[in-house]
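Novice: Please find one structure pasted underneath; my questions will follow.
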Amino acid sequence: MASVSLLGRRYRYVGPPDLRALVRPEAEGRSIHSAADFVDWASALAAVELAEPFTFVVDSAGVLRLAPRRSEHVVCAGGGPVLGAGEMSFRKESGQWVVGEVSNQSTGYCPDISSWSAVAGALDAAGIEHPPGFTCEVVFRRCPACGQLNIVREEDFICALCDEALPREWNVDGAGAGL
Ligand SMILES: [Zn+2]
């Protein structure tokens, strides 16, 4: 089993401070340690909910946590740092639940694409099959000049607000963060 240090960077919450107020122990995402955990959790959901992508985080222990769609990532994580965050959908294949689509779409944590290794590690540990990488990748960058959080599209590393060049390396949690 991989140690936490091999799983990669920890991401702290960088979203709007007021969403932190929603964090409550009973609202934390369901920890998924095994395929059986997922089946147990999914059995309590309506079919319409199962058809939608879930909010997920990989907690600081490397464990996958799931919450219904539109749940805030910071609430799913119980307010703590994460190794990965995004959205994930499941489908049934040969009687097994497998991951269909998975992204790093989380404006609360803005994880780097390299967080995939932690996501894959959490799914592997639970014995849930998954794609070889994010099926949708979001490139988050903080503008070093104005502090604006940008989502980079089509390799266009330019701030949407002030036209300043954005760095090639992930920097959301670095200089200019904490606005
Ligand atoms: Zn800017």
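Novice: Pop the C-beta distance of GLU164 and GLU49 into the FRET formula with R0 = 41 Å and round what comes out to the nearest 0.05.
Specialist: 0.50
Novice: Quick one: with all protein chains in place, what share of the accessible area of the chain is carbon or sulfur, to the nearest percent (1.4 Å probe)?
Specialist: Ligands and nucleic acids excluded, carbon and sulfur give 51 percent.
Novice: Could you do me a favour and compute the accessible area per residue for region 4-126, 1.4 Å probe, result in Å²?
Specialist: Spelled out: the 1.4 Å probe surface of region 4-126, per residue, equals 45 Å².
Novice: Per the helix-only calculation at 222 nm, which mean residue ellipticity applies to the chain, given -39500 (n - 2.57) for every DSSP H run of n ≥ 4 and division by its residues, nearest 500 deg cm²/dmol?
Specialist: -4000 deg cm²/dmol
Novice: With label points built 7 Å along Cα→Cβ from the Cα atoms of ALA35 and ARG91, find their separation and express it in nm.
Specialist: Here the modelled spin labels are 1.8 nm apart.
Novice: While we're here: Using a Gaussian network model of the chain whose springs link C-alpha atoms within less than 10 Å, name the residue from GLU49, GLU137, GLU101 with the highest mean-square fluctuation.
Specialist: GLU49
Novice: Find the accessible area per residue for region 139-179; the probe is 1.4 Å, ligands and nucleic acids are left out, and the unit is Å².
Specialist: Computed with neighbouring chains in place, this is 62 Å² per residue.
Novice: If you don't mind, there's one more thing I want to ask. Assign unit charges at the C-beta atoms only (+1 for Lys and Arg, -1 for Asp and Glu), then state the dipole size of region 139-179 relative to its Cα centre in Debye, rounded to the nearest 20.
Specialist: That gives region 139-179 a dipole magnitude of about 120 debye.
Novice: Now a separate question. Evaluate the relative contact order of region 4-126 (contact order divided by residue number), counting alpha-carbon pairs under 8 angstrom at least 6 apart; express in whole percent.
Specialist: Relative CO of region 4-126 lands at 32 percent.
Novice: Mind listing the phi-derived Karplus ³J(HN,Hα) values for region 9-21, rounded to whole Hz, using 6.51, -1.76 and 1.60 with θ = phi - 60°, and x for any glycine or proline?
Specialist: With coefficients 6.51, -1.76 and 1.60, one gets 5, 9, 10, 9, 5, 10, x, x, x, 5, 5, 4, 5 Hz.
Novice: Here's a follow-up. Rounded to the nearest 20 Debye, what is the dipole magnitude of the chain about its Cα centre when Lys and Arg each give +1 and Asp and Glu each give -1 at the C-beta?
Specialist: With Lys and Arg at +1 and Asp and Glu at -1, about 360 debye.
Novice: Which of these, ARG142, ARG24, ARG69, has the largest mean-square fluctuation under a Gaussian network model of the chain (Cα springs below 10 Å)?
Specialist: Looking only at ARG142, ARG24, ARG69, the biggest GNM fluctuation is shown by ARG24.
Novice: Moving on. Where does helix 116-126 land angle-wise versus the long Cα axis of the chain, in degrees 0 to 90, nearest 10?
Specialist: 10 degrees
Novice: Separate question: When each pair of different Cα atoms in the chain is counted once in the 1/r mean, what is the Kirkwood radius in angstroms, to one decimal?
Specialist: 16.7 Å
Novice: Same structure, new question: If I model a spin label at ASP156 and ALA61 as a point 7 Å from the Cα along the Cα→Cβ vector, what separation in nanometres do I get?
Specialist: Going from the ASP156 label point to the ALA61 one covers 4.4 nm.
The values are calculated or read from the model by the stated rules, or taken from the named source; none is laboratory data. Source: prediction; values computed, not measured. Backbone-built Cβ (ideal geometry, glycine too); neighbour counts: all protein chains shown. With ligands, DNA and RNA removed, areas are computed over all heavy atoms of the protein, side chains included. Shrake-Rupley method; radii C 1.70, N 1.55, O 1.52, S 1.80 Å.
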